[in-house]
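Working notes, structure below.
The values are calculated or read from the model by the stated rules, or taken from the named source; none is laboratory data. Values in this document were obtained by computation on a predicted structure and should not be read as measured data. Cβ sites come from the backbone with ideal geometry, for glycine too, and all protein chains shown count toward neighbours.
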Amino acid sequence: MCPTFTLDNASNPSTSDIPQCVPSDPISRSAYAVAASHLPPAILNHSLRVWIYARTLFTSQSQSQSETIEPPHRLALLFTACIMHDIGAIPAFAHIGSVDELQRFEIEGADAAVAQLKSSGDPSISPVDIDEVWRAIALHTTPQIAERMGGMVRIVRLAVLTDFGRGDVEESVRKEVESQFGRLEIEKVLGDAIVKQALDSPMPEKKAPAASWPNNLLEARRAHSERDGVNKRS
C-alpha cells in the first residue's frame, strides 16, 4: 500500500527513505523532512497512517462533491496537517522554558505547521489555507466540534479516530496499513510524551489545561503514578 523508495543524494539521512504515499510536491516533501527529523518512529508511523486514512476520506469527499474542483495543492496541505499534527508533543516544539509561552501540544503543532507552510514561499497557499491547516491540527483532539466543522478539520479528526480504532474502516485495510507502518506502542509513546512535556514545564496546568485531552492524561498519570503501561486516558 505504501512501500518506500530511496532518494538519491539525500542530504538528510533521516529522510533518505521516503514512503511512496508521501506526495511528491515540494510542500509535502518539506513537511515530511521536518517530521522525519523530529518524530520518534511510533509517532511518525502514526502520522503516516493518519495521512493514509485522511487521503481516503478526502477522495471519498471529493467524489461526492464532483462539482467542486479542488485546488492542486489541496492534498499537500492535508498531508502537512496529518504529518505534523502531533509534532507539538516533541521537545523541540514544546516551548516549555517560559510560563508565558506555554501552550497545549495541539497548538504548538498547529503553529509549527503554519510556520512550515509560510517558509515554503508558495504563492498558491492563501491565508485561508493556512488557517484551515491550523484549525485541523489545533482541534484534532476536540470531540464533536471538529467533526462538525467540515473540510480538512473534520477529515484530520476522523483520520485520527480511525487510527485509534474508532473509525469506520475495514479490518483488512487496517491490517494492511499497519503492516506498512507498525503501531510501535503509539498509545503509550504519545501519552507519555504529552505528560512528560507538561510535567517538565514550569506550570503543568497551563501546558495541559483543564477540560483538555492533555489534562486528562496528566491527571490520570498523577492518579496512577505507579502505572507503567498505556495511560488510562489515552
- Matching option when the condition is among the β-branched types (V, I, T) and within 22 Å of S234 (Cβ to Cβ), among V173, V169: V169
- Task: Report yes if S120 is over 22 Å from A31 (Cβ atoms) and either surrounded by fewer than 22 Cβ atoms within 10 Å (Cβ to Cβ) or out of contact with any helix residue (DSSP H, G or I) (no Cβ under 7 Å at 6 or more places or on another chain) (or both), otherwise no.
- Result: no
- Restricting attention to the stretch 154-186, which residues are surrounded by fewer than 16 Cβ atoms within 10 Å (Cβ to Cβ), on the phi < 0 side of the Ramachandran plot and of a type in the set (D, E)? D168, E170, E171, E176, E178
- Note on the structure: Quick count over the stretch 209-225, residues being in contact (Cβ under 8 Å) with a residue 40 or more places away in the chain and over 15 Å from I90 (Cα atoms), is 3
- Unique match (being touching a His at 6+ places or on another chain (Cβ under 6 Å) and modelled with pLDDT of 90 or more) among H95, H38, H85: H85
- Give the residue, chosen from K175, K232, that is in contact with a His (Cβ under 8 Å, 6 or more places away or on another chain) and not hydrophobic (A, V, I, L, M, F, W, C). K232
- Query: Residues in the stretch 58-66: is at least one modelled with pLDDT of 95 or more, part of a helix (DSSP H, G or I) and either in contact with a Ser or Thr (Cβ under 6 Å, 6 or more places away or on another chain) or more than 25 Å from D17 (Cα to Cα) (or both)?
  - Reply: no
- Item | Tally, over the stretch 35-47, of residues that are in a helix (DSSP H, G or I) and surrounded by fewer than 24 Cβ atoms within 10 Å (Cβ to Cβ) | 8
- Task: Name the residue, out of K206, K196, K118, that is part of a helix (DSSP H, G or I), in contact (Cβ under 8 Å) with a residue 60 or more places away in the chain and out of contact with any Asp or Glu (no Cβ under 6 Å at 6 or more places or on another chain).
- Result: K206
- Message: Just to be sure I understand the filter: pairs with C-beta atoms under 6 Å, separated by 6 or more residues or on different chains, first member in the stretch 159-187 and closer than 16 Å to W51 by Cβ, second member outside any helix (DSSP H, G or I). Which pairs pass?
- Response: V160/H140; L161/G167; T162/V169; E176/M1; Q180/M1; Q180/C2
- Query: Restricted to the stretch 162-180, and to residues that are charged (D, E, K, R) and part of a loop (DSSP other than H, G, I, E, B), which residue is nearest to D17 (Cα to Cα)?
  - Reply: E170
